[in-house]
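Some notes on the structure that comes next.
The values are calculated or read from the model by the stated rules, or taken from the named source; none is laboratory data. Please read all numbers here as calculations on a predicted model, not as lab measurements. In this analysis, Cβ positions are derived from the backbone assuming ideal geometry, glycine residues included, and neighbour counts consider all displayed protein chains.
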């Protein structure tokens with residue numbers, strides 16, 4: 001999965017149209033210069049007037065290619081690459097995956113609960129359980145540990161399952 005994601009990111013980063021245009025213009029210009037040099041050699045070595053005429057035409061056309069490539073390089077800075085809609089969507093999806101992943105890691109490791117407690121975001125059920133526990137410890141109040149356990153079992157299915165497992169293994173309360 002990591003390799004596929006890295007390959008996708010490399011593919012997205014390597015497909016700049018303006019860069020491809022610049023590289024193609026450079027390549028065309030280099031080839032045109034080589035063609036021009038070869039045509040000049042042919043023209044100098046040939047005694048046939050028709051071959052000389054064709055060589056001169058090749059030189060002229062190669063010069064036109066070199067000029068066109070220079071024009072491309074002149075106007076290329078004004079070209080703006082467009083991001084495809086699917087690339088923008090992938091960017092947003094990747095960001096959402098990262099945010100969700102960080103949230104999951106924070107809460108699975110317990111750091112998220114510590115952060116929530118530090119900033120005061122304590123769920124109402126937990127506050128009610130804490131109040132009931134404090135009341136169960138206070139001798140002046142009528143709440144008992146049984147009520148605390150009943151409230152805890154009612155509010156937390158995992159606690160209830162663990163309680164039932166302990167009851168089944170012969171550890172009655």
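Some points to look at:
- Count of the stretch 74-91 residues, restricted to those that are under 25 Å from residue 29 (Cβ atoms) and under 14 Å from the mean Cα position of the chain (by Cα), is 0.
- Per-region count, the stretch 153-173, residues over 21 Å from residue 107 (Cα atoms) and in contact (Cβ under 8 Å) with a residue 12 or more places away in the chain: 2
- Test: residue in the stretch 85-103 that is exposed (fewer than 11 other Cβ atoms within 10 Å of the Cβ) and either in the same structural domain as residue 40 (by TED's automatic domain parsing) or modelled with pLDDT under 85 (or both): no
- Some residue of the stretch 165-172 being closer than 30 Å to residue 18 by Cβ, loosely packed, with under 11 Cβ neighbours inside 10 Å and either at pLDDT below 85 or out of contact with any helix residue (DSSP H, G or I) (no Cβ under 7 Å at 6 or more places or on another chain) (or both): no
- Test: residue in the stretch 77-92 that is farther than 24 Å from residue 21 by Cβ and free of Cβ contacts under 8 Å to residues at least 12 places away in the same chain: yes
- Any hit, the stretch 138-146, residues being within 22 Å of residue 159 (Cβ to Cβ) and in a helix (DSSP H, G or I): yes
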